[in-house]
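The numbers here are math on the coordinates, done by the rules we state, and not lab data. Given the structure is predicted, the values throughout are model-derived calculations rather than measurements. Glycine gets a Cβ as well: all are built from the backbone with ideal geometry, and neighbour counts include every protein chain shown.
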Amino acid sequence: MTYATVLNGPERRRRWSEEDRRRIVQAAFSPGAVVADVARRHDVSTALIYNWRKAARGAGGGVKFVPAVVADRSEPLSITAASSAPAIVVELAQGARVTIGAGACPALVTATLRSLRP
């Protein structure tokens, strides 16, 4: 009697190159992307994509805390200077910069800073 083995579904313990991992993680976390859709398209577990992202961040590309710098001013800002001078400047790793003015409403500041979270 002869036996035949039929493999149905994805092969176990596949090996992904670093370039493939980077490409899949980048596609999964690009604006408007859904991780589950990208995982299905590449036949990868969503948990594996999250693990790859966590490992990439741990390799030095993650978010880091930096000390806040407070400028010491002997005179208070005038109303016109306060409205034109930036109160918060956030520099992102890709070189982009977000500037929030001193006159911005708290709800706008909160929404802006929350949108910068990965």
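Here are some notes:
- Bins of 5 Å from zero: percent of alpha-carbon pairs in segment 18-61: 5, 26, 36, 23, 8, 2
- Ordering 26-33, 97-104 by mean Cβ neighbour count within 10 Å, with the highest value first, yields 97-104, 26-33.
- Computed from label points 7 Å out along Cα-Cβ, the spacing between residue 90 and residue 56 is 2.0 nm.
- Between the beta carbons of residue 114 and residue 22, assuming R0 = 25 Å, the FRET efficiency works out to 0.40 to the nearest 0.05.
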